Each structure stands twice: as C-alpha cells, then as structure tokens.
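Novice: Handing you a structure now.
The values are calculated or read from the model by the stated rules, or taken from the named source; none is laboratory data. Note that the structure is predicted; figures quoted are calculated from it, not measured. A quick note on method: Cβ atoms are made from the backbone with ideal geometry, for glycine too, and the neighbour counts reach across all protein chains shown. The area values use the complete protein model at the heavy-atom level, side chains included, leaving out ligands, DNA and RNA. Shrake-Rupley method; radii C 1.70, N 1.55, O 1.52, S 1.80 Å.
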Amino acid sequence: MIREDTVQGFLEVLSSKAPVPGGGGASAVGGAVGNALGQMVANLTIGKKRYADVEEEIRGLLEKMEGLQREFMELADKDAEVFAPLAAAYSLPSGTEEEKAHKEKVMEENLLAASLVPLQIMEKAAQMLDILVLLGEKGSRLAVSDVGVGVQFIRASLTGAVMNVYINTKSMKDRARAEELNARADELLADGIEQADHIYRAVLSKLR
C-alpha cells in the first residue's frame with residue numbers, strides 16, 4: 001500500500017515497469033504533499049500571539065486538512081486498486097457474441113470506476129485550494145512561501161488527475177455518463193487552475 005510505503009520505495013515502484021502506481025497515484029500523492037505543506041503553515045500559525053485572533057479558524061482548517069490528508073492517500077491506493085481489474089478486462093475473450101457482451105459490460109464497469117477515483121482526487125484538490133487561499137491570507141507570514149509551494153503541488157494534483165478522468169471516459173460506451181463526468185472534471189479544472197494561479201500570484205507579490 002502506498003500509504004505505508006517510504007518515499008524512496010514509492011519512487012522506485014513508480015519509476016519501474018510495474019503498472020501501478022502511475023499518474024493517478026502520483027497525482028494523489030502530490031495532493032498529499034501540498035496538503036502537508038498547508039498543515040505546516042497552520043501549525044506554524046497556531047500558538048503565536050500575532051495570530052491569536054485567527055487561531056480558532058486555523059485550528060478548524062488544520063482539522064479539515066488532517067482528514068483530507070488521509071483521503072488523498074486512500075485515493076492513491078484506490079487508484080491502483082481500480083486499475084488492476086480494468087487492465088485484466090482488456091484481455092477478456094471476445095470470440096463469441098456472448099463473450100463480447102460480457103467483456104463490454106465488465107469494461108464499462110471498470111472504466112467508470114477508474115474515472116471516478118481521479119475525479120475524487122480533483123474534488124479533494126479543490127477543497128485544499130479553498131483552505132490554502134485562507135492560509136495565504138491569514139497564516140504565518142514566515143511560511144507564506146510554503147503556501148505557494150503547496151498550491152503548486154495541489155495544482156499538479158488537479159491537472160494530473162483530470163487526464164486520468166479523460167483517458168477512461170474516452171473509452172466508455174455510455175456517452176451520456178461519460179460526458180457528465182467530463183463536465184464535472186472540466187468545471188473542477190477550470191475553477192481550480194484559476195484559483196491556484198490567483199493564490200500563487202498573491203504569494204509572489206508578498207515575497208517580492
């Protein structure tokens with residue numbers, strides 16, 4: 001499980017010929033890294049007299065981030081779990097009409113599952129951006145650069161995960177369902193990029 005691996009162990013498997021983890025898992029881990037940076041900013045803010053008036057709010061954000069951290073890592077593992085049956089489905093026999101129908105059914109089920117996981121990663125990334133914008137405004141000034149770095153990891157998580165949505169929805173036979181998923185991904189991508197870039201520019205302006 002990725003959640004229980006070391007950084008070095010994860011990178012070694014990621015760089016190998018092994019089918020998983022891949023881009024989806026890496027996107028989830030990237031989100032977890034961005035989340036961890038956000039938690040660091042919160043922890044550097046809590047307990048400081050200068051930020052006493054926002055401490056309760058920052059504690060609330062920290063609690064949310066702790067939950068999101070677990071969810072990012074769970075999704076990293078889930079991405080690997082849903083890929084295995086999808087990869088196996090491509091090898092199902094299709095010599096008869098009955099076999100073709102069975103293969104199509106199994107493929108459709110697994111393509112949907114493989115689309116939903118990266119979509120969930122995108123949703124978690126969107127939640128993190130809402131938190132990071134507040135940390136950039138109210139968190140410790142000494143850690144504002146870490147907000148900027150965290151935003152870039154979350155942005156990469158978002159823009160990486162969306163490709164894993166699209167590559168799976170593209171092969172789905174149920175085009176109405178596929179376009180529904182794509183529309184949600186499009187929305188999260190557009191809003192997320194705009195918000196991430198806004199936060200990043202704000203951080204840069206405070207650093208220069």
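Novice: If you count only protein heavy atoms and use a 1.4 Å probe, how large is the accessible surface of K64, to the nearest 10 Å²?
Specialist: About 130 Å², ignoring ligands and nucleic acids.
Novice: Hey, another quick one. Per residue, what volume in Å³ does the Cα convex hull of region 77-131 take up?
Specialist: Considering the Cα atoms of region 77-131, their hull volume per residue is 52 Å³.
Novice: Report, to the nearest whole %, how much of the accessible area of the chain belongs to carbon and sulfur atoms, 1.4 Å probe, protein only.
Specialist: 56
Novice: Further, regarding this structure: Hey, what's the Kirkwood Rh for region 89-173 if you take every pair of different alpha carbons, in angstrom?
Specialist: 15.3
Novice: Amide H of G139: which non-local residues (sequence gap of 5 or more, or other chain) have their own amide H closer than 5 Å, using H built in the peptide plane?
Specialist: none
Novice: Running a GNM on the chain with Cα contacts under 10 Å, which residue among K173, K138, K17 ends up with the highest mean-square fluctuation?
Specialist: Of K173, K138, K17, the Gaussian network model singles out K17 as fluctuating most.
Novice: If the viscosity is 0.692 mPa s and the temperature 37 °C, what translational diffusion coefficient in µm²/s does Stokes-Einstein give for region 17-61 when Rh comes from Kirkwood over Cα pairs?
Specialist: It diffuses with D of about 264 µm²/s by this estimate.
Novice: So, one more: In terms of solvent-accessible area of protein heavy atoms at a 1.4 angstrom probe, what is the ranking of Y90, Y51, Y200, highest value first?
Specialist: Accessible-area ranking of Y90, Y51, Y200, largest first: Y90, Y200, Y51.
Novice: Based on DSSP H runs of at least 4 residues, each adding -39500 (n - 2.57), what is the mean residue ellipticity at 222 nm of the chain after dividing by all its residues, to the nearest 500 deg cm²/dmol?
Specialist: -29000 deg cm²/dmol
Novice: In nm², what is the average projected area of the convex hull enclosing the Cα atoms of region 154-208?
Specialist: If I average the Cα hull's projected area over directions, I get 3.7 nm².
Novice: Full extension from L204 to S171: what is 0.36 nm times the residue separation minus their Cα-Cα distance, to one decimal in nm?
Specialist: 7.8 nm
Novice: Relative to the Cα centre, what is the charge dipole magnitude of region 65-208, using +1 at the beta carbon of each Lys and Arg, -1 at the beta carbon of each Asp and Glu, and rounding to the nearest 20 debye?
Specialist: Dipole magnitude for region 65-208 comes out near 620 debye.
Novice: Another one. For the chain, with a Gaussian network of springs between Cα atoms less than 10 Å apart, report the residue from S91, S115, S157 with the top mean-square fluctuation.
Specialist: It is S91.
Novice: Let me ask you something else. Measuring with a 1.4 Å probe in the full set of protein chains, what accessible area per residue, in whole Å², belongs to the chain?
Specialist: 53
Novice: Which residue, G95, G60, G192, tops the fluctuation ranking in a GNM of the chain built on C-alpha contacts under 10 Å?
Specialist: G95
Novice: Need one number: convex hull volume per residue for the chain, Cα atoms only, in Å³.
Specialist: For the chain, the hull spanned by Cα atoms encloses 118 Å³ per residue.
Novice: When the gyration tensor of region 1-92 is built from Cα positions, what are the square roots of 5 times its three eigenvalues, in whole Å, from largest to smallest?
Specialist: 36, 13, 8
Novice: Which lysines, if any, have their Cα less than 24 Å from the Cα of K48, not counting same-chain residues under 8 positions apart?
Specialist: Qualifying lysines at Cα under 24 Å: K64, K138, K206.
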